[in-house]
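Each remark here refers to the structure printed beneath this line.
What follows draws every value from the coordinates through simple rules; no lab data is involved. All values derive from a computational prediction rather than experimental measurement. Cβ sites come from the backbone with ideal geometry, for glycine too, and all protein chains shown count toward neighbours.
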Amino acid sequence: MADNKDAPQEVAAKFLAKLAESPFIMIGLTDGEHSEPMNVKLDEDQPNALFIFSGHDNRIATGGDAMAQFVGKGHDFFACLAGEVSQETNQATFDKLWDNRVEAWFPNGKADARLNRFDISSAELWETDVSIAGRLKMLFGGTIKPSESSSHAVVDSVA
């Protein structure tokens with residue numbers, strides 16, 4: 001895979017766009033618990049944080065160092081994110097991100113929900129947009145050259 005065919009921040013911007021299209025990640029604390037699929041919310045005012053509504057007893061609710069993985073809807077974008085989960089205590093952020101899709105998971109409404117904040121400290125991002133020549137090689141055999149491959153970026157910020 002070609003490294004940084006696009007500038008790292010361009011790849012990061014593509015990641016945020018892909019995440020908005022399919023807002024699901026696998027996330028887990030690095031304490032040995034397995035990751036689980038969660039729906040994320042984005043707040044444009046806080047671009048290096050992902051927000052996750054959960055129950056108060058959810059395995060990420062204790063907070064701490066975490067890793068998250070993302071696969072784009074078309075399997076054309078992948079991300080591995082490192083960071084820290086904590087409780088978002090700002091009620092305005094909670095209310096801003098709360099919607100009918102979130103409410104459907106919480107029978108007693110907001111009282112059952114906790115808003116977790118995943119602050120991203122670093123990310124490794126892969127865009128697998130293989131060229132037409134590369135796709136033909138995949139179909140009929142052959143070696144895909146790095147220039148026919150994709151973009152890869154390691155970033156400290158997705159903003």
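What the table shows:
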item: Extended-chain gain in nm, criterion 0.36 nm per residue less alpha-carbon gap, L16 and S86; result: 23.1 nm
item: Charge tally in the Cβ shell below 13 Å around L97, where Lys, Arg are +1 and Asp, Glu are -1, L97 excluded; result: -1
item: Around N58: net Lys/Arg minus Asp/Glu count, Cβ-Cβ under 12 Å; result: -2
item: Cα-projected label distance for Q9 with F106, points at 7 Å along beta-carbon direction, nm; result: 3.5
